[in-house]
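Participant: Here it is: the structure, laid out below.
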Amino acid sequence: MNRIIPVVTLHSVDERTKVLKALQKKGILCAEICFRTECAAEAIRLAVKEFPEMEIGAGTVINRKQCEEALAAGAKFIVSPGLSEEVALLCKEKNVPYYPGCVTPTEIMKALDLGITVVKFFPAHIYGGLKAMKALAAPFPQIKFIPTGGVDSNNIEEYLAWEKIYAVGGSSFVKEALEAWEE
């Protein structure tokens, strides 16, 4: 897994090429394409074919139907803003990594019950960031985190320096890549 997971929201299928090329140019070979727009499944399907060297996943997956569509499109991993047991079970059955949003001890315990040891911590800046994750790691030493929301080039090194950070995510990485691309 890449240590930076850009959160990509596409409003048209055509946007994918520019965004993914911009990420590649910055050395980022991963993208979480959000399932909150109508074109998400088609964008994933095309991105997986056109950018085979990139790890293309689906984000904002909130139910089994969306997960089925994302997996059929070729998503290599699934991310949710919260924890969905039906998504977790489907991903386990298909042997696809699932990163559910978990910010409380109860949510982390549920993830562990489902065999999940890497969780999205979202929105990281609202729920206490690194300080909160360090507190949660004490009773759950087997958990690793993917903080998303408020993680950007200003604080990425601080997050990545902690051994319990599996990766970091955010839309700011897309914005930075596109700005560099346009320059």
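Participant: Please enumerate the residues belonging to region 79-100 that are over 14 Å from the mean Cα position of the chain (by Cα) and over 17 Å from residue 144 (Cβ atoms). Step through it out loud before you land on a result.
Facilitator: Just the residues of region 79-100 that are over 14 Å from the mean Cα position of the chain (by Cα), to begin with: 84-95.
Passing the criteria: 84, 85, 86, 87, 89, 90, 92, 93, 94, 95.
Participant: Something else about it: For region 110-122, what are the residues that are in contact with a strand residue (DSSP E or B) (Cβ under 7 Å, 6 or more places away or on another chain) and of a type outside the set (Phe, Trp, Tyr)?
Facilitator: Residues satisfying the conditions are 111, 116, 117, 118, 119, 120.
Participant: Moving on to the next point. So, in region 79-111, of the ones that are of a type in the set (A, V, I, L, M, F, W, C) and within 21 Å of residue 40 (Cα to Cα), which residue ends up surrounded by the fewest Cβ atoms within 10 Å (Cβ to Cβ)? Lay out the reasoning, then the answer.
Facilitator: Going through region 79-111, the residues of a type in the set (A, V, I, L, M, F, W, C) turn out to be 79, 83, 87-91, 96, 102-103, 108-109, 111.
Still in the running and within 21 Å of residue 40 (Cα to Cα): 79, 83, 87-88, 90-91, 96.
On the way: 79: 28, 83: 22, 87: 25, 88: 21, 90: 19, 91: 25, 96: 17.
Per the stated criteria, the residue is 96.
Participant: Out of region 73-83, which residues are more than 16 Å from residue 38 (Cβ to Cβ) and of a type outside the set (Lys, Arg)?
Facilitator: Scanning region 73-83 gives 74, 75, 77, 78, 79, 80, 81, 82, 83.
Participant: May I ask you to say which residue of 79, 48, 61 is touching a strand residue (DSSP E or B) at 6+ places or on another chain (Cβ under 9 Å), among the aliphatic types (A, V, I, L, M) and in contact (Cβ under 8 Å) with a residue 60 or more places away in the chain?
Facilitator: 79 is the lone residue from the list that is touching a strand residue (DSSP E or B) at 6+ places or on another chain (Cβ under 9 Å), among the aliphatic types (A, V, I, L, M) and in contact (Cβ under 8 Å) with a residue 60 or more places away in the chain.
Participant: Mind listing whichever residues of region 23-65 are of a type outside the set (A, V, I, L, M, F, W, C) and open to solvent by less than 40 Å² (accessible area, probe 1.4 Å)?
Facilitator: If the condition is that a residue be of a type outside the set (A, V, I, L, M, F, W, C) and open to solvent by less than 40 Å² (accessible area, probe 1.4 Å), then 32, 37, 57, 59, 60 are the ones that fit.
The values are calculated or read from the model by the stated rules, or taken from the named source; none is laboratory data. Bear in mind the structure is a predicted one, so any value in this text is a computation, not a measurement. Glycine gets a Cβ as well: all are built from the backbone with ideal geometry, and neighbour counts include every protein chain shown. Surface accessibility is based on the protein's heavy atoms, side chains included, excluding ligands, DNA and RNA. Shrake-Rupley method; radii C 1.70, N 1.55, O 1.52, S 1.80 Å.
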